[in-house]
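Contents: one structure, followed by commentary.
The values are calculated or read from the model by the stated rules, or taken from the named source; none is laboratory data. In this text the structure is predicted, and so the values were computed from the model without any measurement. Note that each Cβ is placed from the backbone with ideal geometry, even for glycine, and that neighbours are counted across all protein chains shown. Note: accessible area is taken over every heavy atom of the protein model, side chains too, but ligands, DNA and RNA are not part of it. Shrake-Rupley method; radii C 1.70, N 1.55, O 1.52, S 1.80 Å.
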Amino acid sequence: MFEKIKVISENPERKAGVEGNFYNDAESPVGPGMNPRIQRLRKLSVEAEPTISIERALHETEFYKENYGRYSIPVLRAMTFLDHCTRKTIYIGDDELIVGERGPKPKAIPTFPELTCHTVEDFHVLN
């Protein structure tokens, strides 16, 4: 029922730089399949410093100060989320084909004040 696959040669039939292949023939210290653009993006991603972003908390605090009591709580929460989505920073890095981050820069994680209440001391501990 299942045939064995017969390996004729361990070497690929075409070199990497041949028409129809995407990558140059150059040896990469990172490994095969990584073109220079991917190598740059990987390096940026690995070397990015993890941080906490308070952008969402600032947007939410400002919105609640202006609108608390005007709407029911479920409507207020929905409007707060809409307000944040229209105002948040969108990170689009050079060479990226798929864009977007949770925070305003790579590895910047937002706080979620609607789920967790942080004190100033918490931020010092997290730092």
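State all residues of the range 51-81 that are of a type in the set (K, R) and surrounded by 13 or more Cβ atoms within 10 Å (Cβ to Cβ); if no residue qualifies, say none.
Step one: filter the range 51-81 for residues of a type in the set (K, R), giving 56, 65, 70, 77.
Within the range 51-81, R56, R77 qualify.
Check V46 against each of (1) open to solvent by 60 Å² or more (accessible area, probe 1.4 Å); (2) touching a residue at least 40 places away in the same chain (Cβ under 8 Å) and name the one condition it does not meet.
Every condition holds for V46 apart from (2).
Which of (1) more than 16 Å from the chain's Cα centre (by Cα); (2) at pLDDT 85 or above is the odd one out, the single condition E96 does not satisfy?
Checking E96 against (1) more than 16 Å from the chain's Cα centre (by Cα); (2) at pLDDT 85 or above, the one that fails is (1).
Which of the residues spanning the range 86-104 are open to solvent by less than 100 Å² (accessible area, probe 1.4 Å) and either touching a strand residue (DSSP E or B) at 6+ places or on another chain (Cβ under 7 Å) or not in a helix (DSSP H, G or I) (or both)?
If the condition is that a residue be open to solvent by less than 100 Å² (accessible area, probe 1.4 Å) and either touching a strand residue (DSSP E or B) at 6+ places or on another chain (Cβ under 7 Å) or not in a helix (DSSP H, G or I) (or both), then K88, T89, Y91, G93, D95, E96, V99, G100, E101, G103, P104 are the ones that fit.
Looking at (1) in a loop (DSSP other than H, G, I, E, B); (2) on the phi < 0 side of the Ramachandran plot; (3) of a type in the set (D, E), can you tell me which one D83 breaks?
Unmet condition: (1).
Can you confirm whether A26 is assigned to a loop (DSSP other than H, G, I, E, B), surrounded by 13 or more Cβ atoms within 10 Å (Cβ to Cβ) and modelled with pLDDT under 85? Break it down into steps so the answer makes sense when it comes.
On the way: assigned to a loop (DSSP other than H, G, I, E, B): yes; surrounded by 13 or more Cβ atoms within 10 Å (Cβ to Cβ): no; modelled with pLDDT under 85: yes.
When the stated conditions are applied, A26 does not pass them.
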